[in-house]
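The values are calculated or read from the model by the stated rules, or taken from the named source; none is laboratory data. Only a predicted model underlies this, so the values are computations on that prediction, with no experimental measurement involved. Methodologically, a virtual Cβ is constructed for each residue, glycine included, from the backbone with ideal geometry; neighbour enumeration extends over all protein chains shown. Side chains are part of the model used for accessible areas, which takes the heavy atoms of the whole protein and leaves out ligands, DNA and RNA. Shrake-Rupley method; radii C 1.70, N 1.55, O 1.52, S 1.80 Å.
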Amino acid sequence: MAAGSASTSRRAGARTVAVWDALDQVLAVPDAGTLDVLDIGGGTGTSAVRIAGLGHNVTVVDPSPDALAALDRRAREAGVSVDALQGDLSALSDVADPAGADLVLCHGVLEVVPDPAAALAGIRDVLRSGGTLSLLVAQRTAAVLSRALGGQFAQAAELIDDTAPQGRSGRRFSLEEVTGLLDAAGFAVRDVRGVRVFVDHVPGSLLDLDSGAGAALVDLEQRASTRADYLPLASQVHLLASLS
C-alpha cells in the first residue's frame, strides 16, 4: 500500500472508531439477533455494507441514484445484500418498510434537511418500539476552533452563535441543541460520544512517518470519545437514542 493510501486508511479508522464503538452495543451483542436496519442518506454504503456483513437486514434510503449505484457495486464486491431505495427524509414514510426498523442510522443528514425537528419526527414514526436511533451530527464548537486555528478569526466569531446552514456542510449543532431536538421528538438519549476529537488536526505526514501512529491515534480517539471534558473539541457528536 502506498504511503498516501496507508495514511488515508489510518485517518479513516480514527475518524469512525467512536461511532462503531457505540454501534457495536446494538449490532454485535450476542443476543441482538437479526436486526432490520434503515440507513438514511447512506449513500455509497460504507456503513450499510459493514452492517450487512454482520448478518443484519439493511435498507439504504438516499436521494442520489449515482450513490445508490455505487452502493450496489460495493455490496456485490463484499458478497452481501443491501436494499436500496431512492428517497429522502421528507418522504420517509412513503419509502420505508411499513413494519418499521429496529435501528435507524441518520449520519450527516440532520445538518442539511430544511427542518431538523420534522426529520426526527419522521424517524420516530418508522422506528419500532425498543428500537435505536444512531444520530451523527456536526458540532459547532469544533468548526469555530478550526477556523480560529486557520487564522479566520472573523469567520470564527460569526459562527459562534450562528445556527443557520453554512454552505454545502449545512448547519452545525451544539450538544444542547441536538439533545433538545431529540427530547422534543420523544427520544431518550442513552449514549453520547465525541467523534474526530483530534484526527482532523493531525497532519497526514505524521501518519506517514510512523507506522504505529495510526493505531495510537485510534486509541487516543477511543479514549477521548467518552470523556465529557473532550466532547467540545469533537468535530462531530454521535448519539444513541431510543423512544422514551
Of everything in segment 131-160, what is among the aliphatic types (A, V, I, L, M) and either in contact with a strand residue (DSSP E or B) (Cβ under 9 Å, 6 or more places away or on another chain) or open to solvent by less than 20 Å² (accessible area, probe 1.4 Å) (or both)? Give them in sequence order.
133, 135, 136, 137, 138, 142, 143, 156, 159
For the list (1) at pLDDT 95 or above; (2) crowded, with 18+ Cβ neighbours inside 10 Å, I need the number of the one condition that residue 79 fails.
(2)
Members of segment 161-188 that are open to solvent by less than 40 Å² (accessible area, probe 1.4 Å) and either of a type in the set (Ser, Thr, Tyr) or modelled with pLDDT under 75 (or both):
174
Where in segment 93-200 are the strands (runs of 3 or more DSSP E), entirely inside, with at least 2 residues that are touching a Phe, Trp or Tyr at 6+ places or on another chain (Cβ under 8 Å)?
127-138
Is at least one residue of segment 29-41 over 17 Å from residue 131 (Cα atoms), without any contact (Cβ under 8 Å) to a residue 40 or more places away in the chain and open to solvent by 40 Å² or more (accessible area, probe 1.4 Å)?
no
Can you find, within segment 222-239, the residue that is least open to solvent (accessible area, probe 1.4 Å) among those that are touching a residue at least 12 places away in the same chain (Cβ under 8 Å) and either assigned to a loop (DSSP other than H, G, I, E, B) or more than 16 Å from residue 139 (Cα to Cα) (or both)?
234
